[in-house]
Structure formats: structure tokens, C-alpha cells
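The values are calculated or read from the model by the stated rules, or taken from the named source; none is laboratory data. The structure presented is a predicted model; accordingly, all values stated were derived computationally and were not measured. Virtual Cβ from ideal backbone geometry, glycine too; neighbours counted across all protein chains shown.
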Amino acid sequence: MKTLLQLSEVRKSFGAVRALKGVSFDLAAGEVHALLGENGAGKSTLIKVITGAHSPDEGTLKVGDETLRSLTPAHARALGIACIYQQPALFPDLTVAENIGLRLKKPKPFSVVKRGSQRQMAIDLLKRVGAEISPDAEVRELSMPEQQLVEIACALGSGAKIVIMDEPTASLTQKEQHLLFGVVKDLRASGVGVVYISHRLEEIFALADRVTVLRDGESVGTHAVKDLTESAMIKLMVGREVATLYPPAEGEPGETVLSLKGLSCAEGGVQGINLEVRAGEIVGMAGLVGAGRTELARILFGITPADSGEILLGGKAVKMHSPREAIAQGIAYVPEDRRRHGVILEMPIAHNITMAVHPRLFPGTWLRKKSETSLAEDFIRDLGIKTYGPEAPGGSLSGGNQQKVSVSRWLATKPKLLILDEPTQGVDVGAKSEIHRIIRGLAKEGLAVLMISSDLPEVLGMSDRIAVMRGGTITAVLPGGADAHDVMAAALGQSGREVA
């Protein structure tokens, strides 16, 4: 089988930080080669070396028959390398057809854009990936999954021989995931080599032929997927057994913190919500994408105020017209998209952690840097945030540590209710275990937690009770440890039952 890509002893450092310590990797034509590792293991740096964004300090790259010391992004594209990143890099104010056209057709000075052929090319490529997206839609109107499908269409249209997919299913629905799997299999059948990065191990077993595992900037082994078990993969990634992915509940729930009675919001598509969350309890919110879970969170946080119904906190009726009011009432919300709404990547960790408590931290006109640093250091220690200090930019952190910073910001407000929307999306197994430990520890301390997750094992493993949503309403409230079939049946509208 022809080798499309070969990296030998690639090293890359950023100052004193050694991101890659002699990584070797190869990709064959017609192969799906998975690249695994915890956040911070070196996967992103390796991908940037392959795509020409970083030049290696040592080592060689061989693409086809061409041996190189480094690449530029333009040279990488010319050699047939395409990368689909977890965060799509599209122009939000241009249409889908214009984005695809710009990516695939190099413009010439004074040339006329042929809108008709540009639009038809977009239609054909979107059809190939099974995306029901209008070529005339502006990218800013698209959901994150739709933007990701546009990126995949661009990669297909470029005629790439090597396609890198970085967490391609992180924000896709189940239907879109099946479409993507079909695209990956078609690429493999046509002789394209696919580098597939995912924290979802079930995808690796479903798609990949081989897997290379990185740990702390080093490749710790390349194996045929058929020769590994899930536990063996996890041990290779984290260097230890992860015995407790879902820590057990400790103690009994206390008094009711949040009570919703007939809560409705036309703008959010939510209607007739009845739900209680008690102190020390984790209530998991299950349901298919579009069921109304995030919309409910936005209502509770005052982003989209309710039209009718009641919100009671500690037995007292409250109104949420803005996030400021929600914070004042003791509600904290960690949103789904941590890069857009959770962590400001250019801002130091200390600023990220304290931005929601500035009035309390700085009651006068002067910033108290010592107070800010002290608070940030407390959370860095307590939540185990891996960083060189509170002045490090948010963008220097791995995904799991960014999520910890986002949680820290809202814990600093000393909330009564913590709403978590997809708290472990896009983080590795080791970081996921740590975040679960933190959530369970917060509940043990008496915090009421409402946890939205599309990861069914996470909902089943972490929830004391499970509220299932469909079509903007709650169809069932099930006990912790409920059967996965019952949860999915309620999510699909096949059955439902209420329990205390």
C-alpha cells in the first residue's frame, strides 16, 4: 500500500515547552489512521506541522515522493493536504457558495466571478456530504454542525489526497454523524488517506484501521485498531487506568433550590416546563439536538426571558430579564461553545476567572491585581488547572483546562444553581474524568447542578435524576441509573413517565 505521508522524529518547542519530542507517524493511501491523546499531548502541534502552520525544529516530512524539512500552508494545499478543524474557519458575512468558491478557486486580478457556476459547485459538494444547506445562506446563519459540513465539502472539492479531521463530530447530530461516517468511508475507498482525531473511542473502533497515541509530546505506539480494547486505548492515552469515569453520588439531596412551574417561552420554543433541582443534586438534561435543552438554560439565565410560568429560587418567585439579574439571584451558566462564550483566548487566565465578579473584587475605581491573582491561584489549585500561571493566556490551555477556567469564573460568583451545557464536549478521557470529579464534588458541597449533555453514558453515569426533553417540553423525569432505552424512548417521544 502506497505511503502518502511520513513524519520521522519530528520535534517542536515553544520556548521552554517541548510540544513534540521526536514523533514519528505515517499514513497510507486508503487508510483511516486515528490520532489519539489527551488535550495537551501534542496532537494540535503535530497537525500544524503537517499543514505548514508550524515548522519543526528537527525531523523530516515526506509527502508522496517529496522529502521536506518543513511546509508552508500554500505548499501543503498544493501537495493535496486538507484539514477540517473543530472550529470552522469560514467568512461569516459571505454565503456558503462564496466561501466554497473562495476556498477552491484562486481568484485572478480583474476576473469576473461566475456566480452560477460557483453556486452549482456548492450544490454538488453539499450533496456529496448529504448536507441540506442552501448555497445562498450566509455562514453566520448556520449552526456549528452546518458550518462543519461546509468545511468537509471544501475538503472534498479540493481533491485532497490527505484529509485531516479534527474532532469532526463534536457538534454534529446523530444523523449528521452517520453522513460523515459515510463520507469518510467513501474517501478511504477512493484511495484518500484520512487522519482522524476524536475523543470518542467508539468512532475510532467504527472507522479507523490503525491508531497512533501521543502522550506528553511523544508517540507511545501505533497499533491496529482490531488489536486494542477500549481500556487499552485509554491506558495508552493517560498512562494509567481510569477506574472512576463517573464518580458515585455522596450524600442525599437537600432542599429544593430551583422549581419551574409551567415555564414557557415562544422565542425559545420551550413550553410548559415543570422541574425541580435540589441542593446537592445533579439533574441531567437528556434529549436529541434541537429538543430545547440549551434554550431552557438561556431562559433561566435571562438571555431569552420567559413569557409565562414561574421560576422559584429557594421558594421565592423571581424574574430573569437579563444575565445580570440571574447572576444576582445566584444562577451561573457555563455555555456549550467555550471558545465563543466561555473563555476569551487572548485574555490572561486571571482575567477570565474574575470577569464575572469585578464589582465585588474591585469595589472602588482601582483594580486590585493582588486580589485578582490570589482568587485565580485558588481556582487553579482547587480545580487542578494545568498552566504556568494566572497570567498565561486562555488560548495556551488545552480544551479540558479551558473548561475548568470557564467553570471557575462562575464558581467565583458563589452560585446556588450551576447550569452546565455540554461540560465535557471535545475533551479527552482523562480531562473528562477530572471534570466529572469536580462536578460531583460541587454537588457534595451542596450546589444544585443542572447538566445538559448529548453524551448518554455521561447523563446516565452522572445524574441523580434525568429530565428528558423533546419538542421544547419535558417528556419524562427518570431516576438516576435509568436504562438507556428508557431515556432514548422518551427523547424520541415513544414513552414517558414521571417519578418523584
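Quick check: anything in region 148-166 more than 21 Å from V211 (Cβ to Cβ), at pLDDT 85 or above and within 19 Å of the chain's Cα centre (by Cα)?
yes
Output the residues belonging to region 14-42 that are under 24 Å from the mean Cα position of the chain (by Cα) and either within 26 Å of A189 (Cβ to Cβ) or outside the structural domain of A82 (by TED's automatic domain parsing) (or both). Give the steps one after another, and end with the answer.
Narrowing region 14-42 to residues under 24 Å from the mean Cα position of the chain (by Cα): 19-20, 32-42.
Answer for region 14-42, where residues must be under 24 Å from the mean Cα position of the chain (by Cα) and either within 26 Å of A189 (Cβ to Cβ) or outside the structural domain of A82 (by TED's automatic domain parsing) (or both): V32, H33, A34, L35, L36.
Residues in region 285-323 that are out of contact with any Gly (no Cβ under 8 Å at 6 or more places or on another chain) and either in a strand (DSSP E or B) or hydroxyl-bearing (S, T, Y) (or both): how many?
Residues meeting the conditions: 8.
Restricted to region 136-147, and to residues that are in contact with a Leu (Cβ under 7 Å, 6 or more places away or on another chain) and within 18 Å of V183 (Cβ to Cβ), which residue is modelled with the lowest pLDDT?
P145
Out of (1) under 17 Å from the mean Cα position of the chain (by Cα); (2) within 27 Å of E230 (Cβ to Cβ); (3) of a type in the set (G, A, S), what's the single condition that is false for G395?
Evaluating G395 over (1) under 17 Å from the mean Cα position of the chain (by Cα); (2) within 27 Å of E230 (Cβ to Cβ); (3) of a type in the set (G, A, S) leaves (2) as the failure.
Return yes or no: is P56 touching a residue at least 40 places away in the same chain (Cβ under 8 Å), touching a strand residue (DSSP E or B) at 6+ places or on another chain (Cβ under 8 Å), within 30 Å of V23 (Cα to Cα) and surrounded by 15 or more Cβ atoms within 10 Å (Cβ to Cβ)?
When the stated conditions are applied, P56 passes them.
Can you tell me which residue within region 181-216, out of those that are small (G, A, S) and outside any helix (DSSP H, G or I), is nearest to T3 (Cα to Cα)?
Per the stated criteria, the residue is G193.
Residues of region 71-112 being surrounded by fewer than 16 Cβ atoms within 10 Å (Cβ to Cβ) and of a type in the set (S, T, Y), which ones? Working first, answer last.
Residues of region 71-112 surrounded by fewer than 16 Cβ atoms within 10 Å (Cβ to Cβ): 72-75, 78, 89, 91-94, 105-112.
If the condition is that a residue be surrounded by fewer than 16 Cβ atoms within 10 Å (Cβ to Cβ) and of a type in the set (S, T, Y), then T72, S111 are the ones that fit.
From the list I435, I385, I380, I419, which one is on the phi < 0 side of the Ramachandran plot, of a type in the set (A, V, I, L, M, F, W, C) and touching a residue at least 40 places away in the same chain (Cβ under 8 Å)?
I419 is the lone residue from the list that is on the phi < 0 side of the Ramachandran plot, of a type in the set (A, V, I, L, M, F, W, C) and touching a residue at least 40 places away in the same chain (Cβ under 8 Å).
Among the candidates E141, E167, single out the residue that is in contact with a Ser or Thr (Cβ under 8 Å, 6 or more places away or on another chain) and charged (D, E, K, R).
Values: E141 fails: in contact with a Ser or Thr (Cβ under 8 Å, 6 or more places away or on another chain).
Being in contact with a Ser or Thr (Cβ under 8 Å, 6 or more places away or on another chain) and charged (D, E, K, R) holds for just one of E141, E167, which is E167.
Here is a check on your reading of the model: is G262 in contact with a strand residue (DSSP E or B) (Cβ under 8 Å, 6 or more places away or on another chain) and crowded, with 18+ Cβ neighbours inside 10 Å?
Answer is no for this residue.
Considering region 78-133 alone, what residues qualify as being free of Cβ contacts under 8 Å to residues at least 12 places away in the same chain, in a loop (DSSP other than H, G, I, E, B) and more than 21 Å from A53 (Cα to Cα)?
P107, K108, P109, F110, S111, V112, K114, E132
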